[in-house]
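Data first, discussion second: the structure below is written as structure tokens.
The values are calculated or read from the model by the stated rules, or taken from the named source; none is laboratory data. Computed from a prediction, not measured in an experiment: that's the story for all the values here. Cβ placement follows ideal geometry from the backbone for every residue including glycine, while neighbour counts extend to all protein chains displayed.
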Protein chains: 2
Amino acid sequence: MVTISDVARRAGVGEGTVSRVLNDSPKVSPATRGKVLEAIDALDYRPSALARGLSTGRFSTIGVVIPFFTHASAFERLRGVAAALHDAPYDLVLFNVESPIHRAEQFASLTGRAGTDGLLVMSLPPPATELARLVARDVPVVLVDARGDGVPTVLIDDVEGGRIATRHLVELGHRRIAFIGDDPDNALGFTSSTHRERGYREVLAEAGEPDRPELVRHGAHDRAVASRLADELLALPERPTAVFAASDVQATGVLEAARRAGLEVPRDLSVVGFDDIELSEYLGLTTVHQRLYDSGELGMRLLLDALADGTPPAPVVHDLPLRLVERRTTCPVGGARPGPTARRRRATKGASTT
Amino acid sequence: MVTISDVARRAGVGEGTVSRVLNDSPKVSPATRGKVLEAIDALDYRPSALARGLSTGRFSTIGVVIPFFTHASAFERLRGVAAALHDAPYDLVLFNVESPIHRAEQFASLTGRAGTDGLLVMSLPPPATELARLVARDVPVVLVDARGDGVPTVLIDDVEGGRIATRHLVELGHRRIAFIGDDPDNALGFTSSTHRERGYREVLAEAGEPDRPELVRHGAHDRAVASRLADELLALPERPTAVFAASDVQATGVLEAARRAGLEVPRDLSVVGFDDIELSEYLGLTTVHQRLYDSGELGMRLLLDALADGTPPAPVVHDLPLRLVERRTTCPVGGARPGPTARRRRATKGASTT
DNA sequence: GCAGGTGGTGGAACCGCTTCCACACCTTCT
DNA sequence: AGAAGGTGTGGAAGCGGTTCCACCACCTGC
């Protein structure tokens, strides 16, 4: 391996000078710089990131913690992250998290190794002690889609999202509205589903509907599981006229179940999802759109800013907007609809051109 | 920052001993080990990965080069990669590649920094010079879905895949079969689409069909683009009865175009895709299944094995099997089919919920 | 013509760990 | 009892950069 002193010897200069050339220090005469560059070229010298890091105390690395096995939305967020990181002088180290044990381990080793200059944590709240440790070590942390104290956070208002979805259904005249979401005490500690459920309950209560526990089902965040839960709902003596699923992935499970039960969507059953993943547009799924890509991009930008400033990032909560995207899986209860033909045609066309 | 010498002092031992404890050397007495562990605990000491790396010459890092903005299939591969890496003592450094300039840069900086112990390159062939440089530096490289000399490779037989898809259509009686794929001279150098096209041509030639250049269209790997290309095909005076799309993403574009043109799939138009991404099962898309997840997993395993052996990995080409998955977007030409009613009902239903 | 910059440079110390060598102490064998 | 061989341990020498300090020409201004 060719080192800086090889270069120095070959160029007939000191090591310090080579280092200065490498770091674009202005204090090098053009002639010397030329000699050094020539030697670098001739030897095909590449500086060692490790050695540089040890000297400077920086890693040139940003860690991204993301449970990308469980949640499809993670990828869209990751795209945003990568885009924001595009020209930054940092490498992206990816930490996947799949199991709870894995999660604790992961965080311990993260804060342990202290191997990153900054940390972007997505969709799962870090243990408070680990978070504290990171902050104590001046490692900037940004949370996306997760809550934690004292660090900047990019969030959506999941409760409001639940309200938006449910309100839409209520406005269409639905009353027997079911909900399918994650287990409230899921092992990884995801909370968005539970918050969305809260919004759902609020709107139903406002509409004067009684609690109907049989219409609320929980299970793993998975299409097949949601599909089975929907089977149960659709087999109910008084089956719901609409389902609000806590995510688009789960909503597709509901669509499958409806198909299996011989129900036509939206005539016999309205379905609303949440997230607006790529698939949803194609499927014509009515859903609550959240800016997944933007959330990753913004989170990474906050982190980069903090890194550039050298100051710990301000613990601001950034609330990304939500909006209902009405497509082809919702309609007035009973299938009646003002100007059904026009409506239907338009909806179809809209979806097909996108 | 607390260092190894702090620990040594506190435990009343030498630095070497602390290091031995950290690395589970058997040559430490239980009593000493206890003292050291206690000191580590008391000081909340965490070893610096950087310093360790500098000493050992290892990075504990594996680089994964993956163009995950352009290709949806990349994520499924990444899942496999992450799974294989799960318990390995390496971090995953992700290098996204989106533009050609970006690509050259990326590789230069990769080989440059020499910041990874091994490199997994997906879907795009690395420049030969950079590959050579890596090999020269004893950095093991594994290619997945890309070709290169002298390094192990995980591949599928894209030409055969093209044959499988086209043969299926020919067997259903189709003759006017169109193809939609990537630009053969696309900037990033993807070749799979071109190979699939070759298989398509071969089978058509065997079937005695003349070349019909107007039935072959190229464009960016993108649903919207594929959709426009399909519009053109469907507007042809003699429109094709079937389309083979080089990927499922492009196939969904074709389905959109068919919907827009008022054609019913598969009665009026058969569509075959390639990849079998998650979406495809849900959509009922007939496609050529390739084991994306497995490809990532296998690639990473090869790399880990090479790293464990310390030997450069054998330049073996691993050929993953392909198989046609017949779903609901293909049928005999003209829509005739044994047991058409049952078939049709199922197909229609699928389409309506999607 | 000399003190006092100033731009450019070499070299050593240091970053925090691993590893090798030397050595002290304790068995065990002859 | 003394040599030989094991164990366990301390300490120093790297690993390959950065950075600070000292220093050497020069050049400027009086």
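Assessment of segment A:15-29 against the conditions (without any contact (Cβ under 8 Å) to a residue 24 or more places away in the chain, more than 8 Å from DNA strand D (Cβ to nearest atom), surrounded by 19 or more Cβ atoms within 10 Å (Cβ to Cβ) and closer than 30 Å to B:GLY80 by Cα) yields no matching residue.
Filtered by the rule that a residue be more than 11 Å from chain B (Cβ to nearest Cβ) and modelled with pLDDT under 80, segment A:107-135 gives a lone residue, A:PHE107.
Test A:GLU238 against the stated conditions and say whether it is in a helix (DSSP H, G or I) and not aliphatic (A, V, I, L, M).
Spelling it out, it is not the case that A:GLU238 is in a helix (DSSP H, G or I) and not aliphatic (A, V, I, L, M).
Flag: A:LEU298 matches the condition of being away from every other protein chain (no Cβ under 14 Å), modelled with pLDDT of 95 or more and farther than 20 Å from A:ILE164 by Cα.
Residues that are at the interface with another protein chain (Cβ under 10 Å from one of its Cβ atoms) and under 32 Å from the mean Cα position of the chain (by Cα) number at least 2 in the following helices (runs of 4 or more DSSP H) confined to segment A:11-76: A:49-56.
Scanning segment B:194-221 for residues that are modelled with pLDDT under 95 and in contact with a Phe, Trp or Tyr (Cβ under 9 Å, 6 or more places away or on another chain) yields one hit, B:HIS221.
Regarding B:LEU78, is this residue of a type in the set (A, V, I, L, M, F, W, C) and buried (at least 21 other Cβ atoms within 10 Å of the Cβ)?
yes
Residues that are crowded, with 18+ Cβ neighbours inside 10 Å and either more than 11 Å from DNA strand D (Cβ to nearest atom) or of a type outside the set (S, T, N, Q) (or both) within segment A:36-60 comprise A:VAL36, A:ALA39, A:ILE40, A:TYR45, A:ARG46, A:PRO47, A:ALA49, A:LEU50, A:ARG52, A:GLY53, A:LEU54, A:PHE59, listed in sequence order. For the condition farther than 23 Å from B:ALA72 by Cβ, in a helix (DSSP H, G or I), in contact (Cβ under 8 Å) with a residue 60 or more places away in the chain and touching a Leu at 6+ places or on another chain (Cβ under 6 Å), B:LEU303 qualifies.
Yes/no matrix, rows are residues, columns are (1) farther than 30 Å from B:ALA226 by Cα; (2) within 16 Å of DNA strand C (Cβ to nearest atom):
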{"site": "B:ILE4", "(1), (2)": "yes, yes"}
{"site": "B:GLY16", "(1), (2)": "yes, yes"}
{"site": "B:LYS27", "(1), (2)": "yes, yes"}
{"site": "B:GLY34", "(1), (2)": "yes, no"}
{"site": "B:ALA49", "(1), (2)": "yes, yes"}
{"site": "B:PRO67", "(1), (2)": "no, no"}
{"site": "B:ARG77", "(1), (2)": "no, no"}
{"site": "B:GLY80", "(1), (2)": "no, no"}
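Which of (1) on the phi > 0 side of the Ramachandran plot; (2) assigned to a helix (DSSP H, G or I) is the odd one out, the single condition B:GLY208 does not satisfy? So the condition that B:GLY208 fails would be (2). When the criteria are applied in full, A:ALA8 fails the requirement of being more than 14 Å from every other protein chain (Cβ to nearest Cβ), away from DNA strand C (no atom under 13 Å from the Cβ) and without any contact (Cβ under 8 Å) to a residue 60 or more places away in the chain. Residues in segment A:212-256 that are within 11 Å of chain B (Cβ to nearest Cβ) and either charged (D, E, K, R) or over 15 Å from A:GLY181 (Cα atoms) (or both): A:ARG223, A:GLU256.
Within segment A:72-86, not a single residue is of a type outside the set (Gly, Ala, Ser), modelled with pLDDT under 85 and away from DNA strand D (no atom under 16 Å from the Cβ). Per this entry, A:GLU281 is not counted among residues that are surrounded by fewer than 16 Cβ atoms within 10 Å (Cβ to Cβ) and assigned to a helix (DSSP H, G or I). Across segment A:211-235, the qualifying residues are those that are among the acidic types (Asp, Glu) and not in a helix (DSSP H, G or I), and the one among them that is surrounded by the fewest Cβ atoms within 10 Å (Cβ to Cβ) is A:ASP211.
If you check B:PHE59 against the conditions, is it more than 16 Å from DNA strand C (Cβ to nearest atom) and either closer than 18 Å to B:MET300 by Cα or touching a residue at least 12 places away in the same chain (Cβ under 8 Å) (or both)? Judged against the criteria, B:PHE59 is not a match.
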